[in-house]
Structures are given as C-alpha cells and as structure tokens.
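Here the structure comes first, spelled out in structure tokens, and everything after it is commentary.
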Amino acid sequence: MGHVQITPSILNADFAALGAEVGRIPGADWVHVDVMDNHFVPNLTFGPTMVEALARSTETPLDAHLMIADVDRHAPAYVEAGCGSVTFHVEAASAPVRLAREVRAAGARASMALRPATPVEPYEDLLPELDMLLLMTVEPGFGGQQFLDLVLPKIRRARALLDKHGVETWLQVDGGVSLETIGRCAEAGADTFVAGSAVFSADDPDRMVAELRAAAEAARDGAGS
C-alpha cells in the first residue's frame, strides 16, 4: 500500500477564486479537479482551458477526474492541459487499456474510476495498466453527498486484488470523505483520499488536510498494515 495522500476536491471551493483557494491548501498532495459534462453525470463544471489556467497557477499537481462521456477522445486534452494524473470512468471508456496507455505515454499517471455499483472483479487483469484505481463512495455528479458504507467491502476486495498482483497502483476513494469516514476507508485499504466539502468548508482548510492525513494514518496503523 502506498503512503497516505490527501487530494482535496475544488468542487466545493469558490470557483471565482480557484487560484487563491488552492493556495489555502499547501499541505495537499494533489488538487482533485472534477470535470463534469452534463452527459455522463448531471452537472457541468470545468473544461481543459480552465484546468490549464489552474495548472499554471499552482505548484501542486492536478488530479483530473473525468466524469464525461466519450472519454477516450477527450482524456488526452487534460494531459496536455497540465494534469499529473488523469482518471477516466470505465463505464464511459470504450477501450480502457488503450486509453490508460495513451495517458501514460503522454506523461501523466493513468487512473480508472468505478461508480459505486460497478464491480471491480471484471477489471482485475487491467490493474497492472493503471497507476491508480478510484472507487467512488457516492454516485458521481455532485459534491456534499453522504458516504456509502456499501463500498467498504469493495475497497477491501480491490486492495486484495492489487496486493495479489503486486502492483504499485494507488487506491483512491472519492465521495463523502471526512474525519468521520476516512478511517474506515484507510482500514479497508485505500491510500489516496479525495475530500471536498470537509476541506473547503473548514475554517482552516490546510489544517483539515493535516487532520485527515493523521486520521487515515492512525486507522492504517491500527489495522496493522
């Protein structure tokens, strides 16, 4: 399992001042950028131009989560825009292995996301092609949703598969991650955590990043990994 990484989502930040908002979380490992197209999910957020502007305004690497249709065609634009990691949804990709290789070849980490109801087992053979696997712990599309406990056994199964193949693939969780839920995710085997409203609604977002990291590390040590 990789070391604990906290990747705050700017979905809950002030969109009018994104550069300044990202400046409030210097302790973050990555900045998670939720790209929504109003097709794959019922919401519309950023495109490559906006992402490129954000990449220029921060030293923290960007982790783009593409909740978009026709992702095979659009994902490379986000590597070009300056993202260090690009996540596509397997439900939206027609050729996930080819896409992962294309993202890697372009110079970013390739990541694949699964909605809560999408099982991980059918994709076992694909895991070595990925730098990260993202398990959604809410239905993608909106920030501020309640964490779905039903995903915890899936996190455990995904961790077991990653360990079985001996891959260095990070296991990321996204949705309803907070001080109340991050411990359960870490215990189940996740090592990379997206937190949106928990971070940006805190009085001191950077202190919240540190508290989330400490909570995840404590849960992991408690689980004996």
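Since every read-out is calculated from the coordinates, none of them should be taken as a lab result. Everything quoted here is computed from the prediction, not taken from an experiment. Note that each Cβ is placed from the backbone with ideal geometry, even for glycine, and that neighbours are counted across all protein chains shown.
Counted without the sites themselves, the longest stretch of the chain free of GluC sites (Glu not before Pro) in a DSSP loop having at most 14 other beta carbon atoms within 10 Å is 60-167.
Here the residues T137, T58, ranked from fewest to most Cβ neighbours within 10 Å of their Cβ, fall in the order T58, T137. Here the stretch 147-225 is treated as a sphere whose radius is the Kirkwood value from Cα pairs; by Stokes-Einstein at 37 °C and 0.692 mPa s it diffuses with a coefficient of 256 µm²/s. Taking every C-alpha pair closer than 8 Å and separated by at least 6 residues, the mean separation divided by the residue count of the stretch 5-222 gives a relative contact order of 20 percent.
Diffusion of the stretch 68-225 by Stokes-Einstein, at 4 °C in a medium of 1.567 mPa s and with Rh set to the Kirkwood radius over alpha-carbon pairs, works out to 81 µm²/s. Amide hydrogen proximity for V33: with H placed 1.01 Å from N in the peptide plane, the residues at 5 or more positions away or on another chain lying under 5 Å are D63, A64, H65. A113's amide H: which non-local residues (gap 5+, or another chain) put their own amide H closer than 5 Å, with H modeled 1.01 Å from N in plane and none for Pro or chain starts? Long-range HN contacts for A113: F88, H89, V90, L134. Put simply, the amide H of G175, placed in the peptide plane, has neighbours under 5 Å in T137, V194, leaving out anything fewer than 5 places away on its chain. Assuming charge only on the beta carbon of Lys and Arg (+1) and of Asp and Glu (-1), the dipole of the stretch 5-222 about its Cα centre is about 300 debye to the nearest 20. For F40, F88, the sequence from fewest to most other C-beta atoms within 10 Å is F40, F88.
Measuring nothing but alpha carbons in the stretch 118-193 and taking Rh as the Kirkwood radius, the Rg to Rh ratio lands at 0.95. Residues in the stretch 22-35 carry Karplus couplings, in order, of 5, x, 7, 10, x, x, 6, 7, 9, 10, 8, 10, 8, 9 Hz; the curve used is 6.51 cos²θ - 1.76 cosθ + 1.60 with θ = phi - 60°, and Gly or Pro positions show x.
Length, then width, then depth: along the principal axes, the Cα atoms of the stretch 80-166 run 36, 32, 22 Å.
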